[in-house]
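Asks: Structure below; questions to follow.
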Amino acid sequence: MAVTEQRKAGLDVERIRADFPILSRTVGDKPLVYLDSAATSQKPRAVIDAEREFYERHNANVHRGIYMLSEEATELYEEARVKLASFIGATDPATVIFNRGTTESINAIAHGWGRKFLKEGDEILLTDMEHHSNIVPWQLAARATGATLRYLPITDDGLIDLSTLESSLTDRTKVFAVTGMSNSLGTLTPVHLLADAAHAVGAVLVVDGAQLVPHVPVDVRVLDCDFLTISGHKMLGPTASGGFYAKRELLEEMDPFIGGGHMIHEVYREYSTWNDVPGKFEGGTMNIAQEVGLAAAVDYLQALGMQNVRAHEEEIAAYAIERLQDAGARIVGPVDVSKRGGAVSFVYRDVHPHDVATVLNEEGIAVRAGHHCNQLVMRRFNVAATTRASFYVYNTRREVDALVNALGKADDVFGA
Ligand code: PMP
């Protein structure tokens, strides 16, 4: 089917499922129901093949050799950068830096930009819904520079409390770092509005795009964010793929994070000069095969159409929320699907989330139970943990039914 026809038709989920070898696995005698894509997504055959083909036909180190394989490997690696840049609307591919994903990216930004430009008296604004990887690197940067951390609170219905935005963003704020979509609450944040607010006080906006980029059409020109992180492994790509986007002038002025081969221009006994962007941020042998695999994931998502991906997840999240609530679960996060994505956290009666997950596993259902690296969120909602079902392009209503039916088994086991 031509891509445009496929877009009009929405997602053909059964056809998509056939592209994912792992989805035909069983757990004991039960078919696997994979509802943990917020932790990591499954990989279509096209991605697995691209990585295998790279190793079988093109493997060599990049930017080094003047022989054919190295040239081919470099071409594939740089083509992956062009594809990823175009996927997020970045017009200059050099503004996309490759690395292992969001955790490494935020560390690179907090280190390379934060430690260079923050000083005592400056403020770093975060929100209470950040993943630990968008908190801890800033705590380290604050400790190193004397800057102070501030947080925007969360409303009862799981949104960022914007009533405190004006008083929290001041001319002392130098960085505002916020998630584009919460991995525990599922909340979508108003990135464009937050970028405008940050820029009005001269701060840079760092967007944790780990959950945003895989699930929603993203255009950095429209969002006007200064930094955007990308987790390839959550968007059908290999583990340790992805990286971050930044406006070129920021990449030029910030420090590198990892020192070593390739990231230098010249090395002297006492100092070195840096390679041009993006090489300045890609020291050492990179995750070449993984980024080549990610390029295949980008092709796959683009053929589906990101509008269709978003529409499918809105539909399935709405169905899951309705069925879970009917079954007696309490949703932790927004219930309005226009304000959220497909990561649905819930607390089921009095059953501990780890017990819920154990019972579900016996039915072949993979969900996540715990604090989801969101301890501030757990404290805000007064829970030690939640159970989280998270959906992606390959999930069906039938799987939501399986989840809800299996919850009934928790009643039998734990007498809830
Ligand atoms: N931020 C959010 C919102 C996430 O969901 C995750 C992954 N759980 C991360 C950051 C960390 O991303 P990565 O696994 O790419 O380091």
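The values are calculated or read from the model by the stated rules, or taken from the named source; none is laboratory data. Keep in mind the model is a prediction, meaning the values are calculated, not measured. We place every Cβ from the backbone using ideal geometry, glycine too, and count neighbours over all the protein chains shown.
Asks: For region 176-221, name all the residues that are in contact with a helix residue (DSSP H, G or I) (Cβ under 7 Å, 6 or more places away or on another chain), within 28 Å of ILE321 (Cβ to Cβ) and among the hydrophobic types (A, V, I, L, M, F, W, C).
Replies: Those that are in contact with a helix residue (DSSP H, G or I) (Cβ under 7 Å, 6 or more places away or on another chain), within 28 Å of ILE321 (Cβ to Cβ) and among the hydrophobic types (A, V, I, L, M, F, W, C): VAL178, LEU185, LEU188, VAL191, VAL207, ALA210, VAL216.
To keep it simple, each residue is scored yes or no on (1) within 18 Å of the chain's Cα centre (by Cα); (2) at pLDDT 95 or above; (3) within 25 Å of ALA311 (Cβ to Cβ).
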| site | (1), (2), (3) |
| --- | --- |
| LEU360 | no, yes, no |
| ARG380 | no, yes, no |
| ALA389 | yes, yes, yes |
| ARG398 | no, yes, yes |
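Asks: Could you check region 277-300 and list, in sequence order, the residues that are in a helix (DSSP H, G or I) and either of a type in the set (Asp, Glu) or at positive phi (or both)? Please lay out each step first, then the result.
Replies: At the first step, the residues of region 277-300 found to be in a helix (DSSP H, G or I) are 279-281, 288-300.
Residues satisfying the conditions are GLU291, ASP299.
Asks: Then there is this: Just one of (1) surrounded by fewer than 19 Cβ atoms within 10 Å (Cβ to Cβ); (2) in contact (Cβ under 8 Å) with a residue 60 or more places away in the chain; (3) under 20 Å from ASP255 (Cβ atoms) trips up SER105, so point out which.
Replies: (1)
Asks: Mind checking which pairs have a first residue in region 22-44 that is touching a residue at least 12 places away in the same chain (Cβ under 8 Å) and polar (S, T, N, Q) and a second that is away from the ligand (no atom under 16 Å from the Cβ) and part of a loop (DSSP other than H, G, I, E, B), Cβ under 8 Å, 6 or more apart or different chains?
Replies: Close Cβ pairs satisfying both conditions: THR26/LEU32; THR26/GLY364; SER37/ASN395; GLN42/PHE20; GLN42/TYR394.
Asks: I would also like to ask the following. Quick one: ARG150 ticks every box in (1) surrounded by 20 or more Cβ atoms within 10 Å (Cβ to Cβ); (2) in a strand (DSSP E or B) except a single one, so which number is it?
Replies: (1)
Asks: Let me ask something else. Quick check on region 98-108. Is at least one of its residues assigned to a helix (DSSP H, G or I), of a type in the set (Val, Ile, Thr) and away from the ligand (no atom under 16 Å from the Cβ)?
Replies: Checked against the condition, which is being assigned to a helix (DSSP H, G or I), of a type in the set (Val, Ile, Thr) and away from the ligand (no atom under 16 Å from the Cβ), region 98-108 yields no hits at all.
Asks: Another one. In the list ALA410, ALA318, ALA369, ALA384, which residue meets the criterion of being in a helix (DSSP H, G or I), at pLDDT 95 or above and not hydroxyl-bearing (Ser, Thr, Tyr)?
Replies: After ruling out the rest, the residue left standing is ALA318.
Asks: If I ask for residues that are more than 28 Å from THR155 (Cβ to Cβ) and hydrophobic (A, V, I, L, M, F, W, C), which ones from region 357-387 would you list?
Replies: Of everything in region 357-387, those that are more than 28 Å from THR155 (Cβ to Cβ) and hydrophobic (A, V, I, L, M, F, W, C) turn out to be VAL359, LEU360, ILE365, ALA366.
Asks: Let me ask something additional. Looking only at region 65-82, count every residue that is touching a residue at least 12 places away in the same chain (Cβ under 8 Å) and over 13 Å from TYR245 (Cβ atoms) and tell me the total.
Replies: Going through region 65-82 one residue at a time, the tally reaches 8.
Asks: Which condition does PRO137 not pass, out of (1) in contact with a strand residue (DSSP E or B) (Cβ under 8 Å, 6 or more places away or on another chain); (2) buried (at least 19 other Cβ atoms within 10 Å of the Cβ), if it passes all the others?
Replies: All conditions pass for PRO137, except number (1).
Asks: May I ask you to verify whether SER86 is surrounded by fewer than 19 Cβ atoms within 10 Å (Cβ to Cβ) and either within 29 Å of HIS233 (Cα to Cα) or aliphatic (A, V, I, L, M) (or both)? Reasoning before the result, please.
Replies: Numbers: surrounded by fewer than 19 Cβ atoms within 10 Å (Cβ to Cβ): yes; either within 29 Å of HIS233 (Cα to Cα) or aliphatic (A, V, I, L, M) (or both): yes.
Yes; evaluated as a whole, the condition is true for this residue.
Asks: Restricting to region 276-292, name every residue that is out of contact with any Lys or Arg (no Cβ under 8 Å at 6 or more places or on another chain) and within 22 Å of PRO44 (Cα to Cα).
Replies: Of everything in region 276-292, those that are out of contact with any Lys or Arg (no Cβ under 8 Å at 6 or more places or on another chain) and within 22 Å of PRO44 (Cα to Cα) turn out to be ILE288, ALA289, GLN290, VAL292.
Asks: Within the set of pairs 6+ apart or on separate chains, which have a first residue in region 132-159 that is free of Cβ contacts under 8 Å to residues at least 24 places away in the same chain, a second that is among the aromatic types (Phe, Trp, Tyr), and C-beta atoms under 9 Å apart?
Replies: Between residues of region 132-159 that are free of Cβ contacts under 8 Å to residues at least 24 places away in the same chain and residues that are among the aromatic types (Phe, Trp, Tyr), the close pairs are ASP156/PHE381.
Asks: Give region 116-134 a look and list any residue that's closer than 17 Å to PHE381 by Cβ, crowded, with 21+ Cβ neighbours inside 10 Å and within 11 Å of the ligand (Cβ to nearest atom), or say none.
Replies: MET129, GLU130, HIS131
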